[in-house]
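The values are calculated or read from the model by the stated rules, or taken from the named source; none is laboratory data. Note that the structure is predicted; figures quoted are calculated from it, not measured. Virtual Cβ from ideal backbone geometry, glycine too; neighbours counted across all protein chains shown.
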Amino acid sequence: MTPLNDVFVGGISSTLVGLVMYVVGIATPAWVIDSRLGLRQEWGLWQICTTNIADRTCEGYGDISDLTAAFHFTRAFAVIGPLLLVAGVNVALVFYAEHKNSNKVQRKYGALIIAGGACGVIATAIFGVELRNAIGVELSISFGYSFHLTLVQGLLTVGGGAVIIADGRRDAEDQQPVQRKAVLGRSACRRASA
């Protein structure tokens, strides 16, 4: 098995932490928090929760056709992102385990990880813009921890993917001089024997 280098481990670790944040962010119902008149409402991608003193009730959105296109796009990007992240991490680890890790492949799964993280950032951007357009700026609401987790994961996952790509490029550059010296050494031996 090929030993893992520190840069690769850092990129994968950053991606895994981002993935956990991403899954928690899209699974929990606190994308928007509205607390008025002793009633607290949390709106998420899949349900709305209402807390009145100690009583908390959650219910899913009614008819899916009543939701806006932007909300559907938010959900789509929010689901596609973790799938890309899981695929990128799995491919990365499989290629390392199988001794087939090439720099070209390392750049590909790094790009897959970046695309997954970017999907979360796109989902939060669509959601945020749509929410502000729908309710206007006069209402005071705040984005909740679910929204922030989904947004911050982008830093970790995109950063992790970029580190993996940079590591693949660094490895390619490190291997080139060695190969060049070996070719030059063989050429010199051929000339000397001729």
I'd like to know if region 16-27 contains one or more residues that are touching a residue at least 24 places away in the same chain (Cβ under 8 Å) and either among the hydroxyl-bearing types (Ser, Thr, Tyr) or in contact with an Asp or Glu (Cβ under 6 Å, 6 or more places away or on another chain) (or both). yes
Here the residues within region 119-144 that are loosely packed, with under 15 Cβ neighbours inside 10 Å, assigned to a helix (DSSP H, G or I) and either among the hydrophobic types (A, V, I, L, M, F, W, C) or at pLDDT 85 or above (or both) are 125, 129, 134, 135
Pairing a residue in region 61-81 that is among the hydrophobic types (A, V, I, L, M, F, W, C) with any residue that is exposed (fewer than 13 other Cβ atoms within 10 Å of the Cβ) and at pLDDT below 90, where Cβ atoms lie under 8 Å and the two sit 6 or more apart in sequence or on different chains, gives 70/129
Out of all the residues in region 14-34, which are under 12 Å from the mean Cα position of the chain (by Cα) and at pLDDT below 90? none
Criterion violated by residue 79 - all others in (1) of a type in the set (A, V, I, L, M); (2) over 19 Å from the mean Cα position of the chain (by Cα); (3) in a helix (DSSP H, G or I) satisfied: (2)
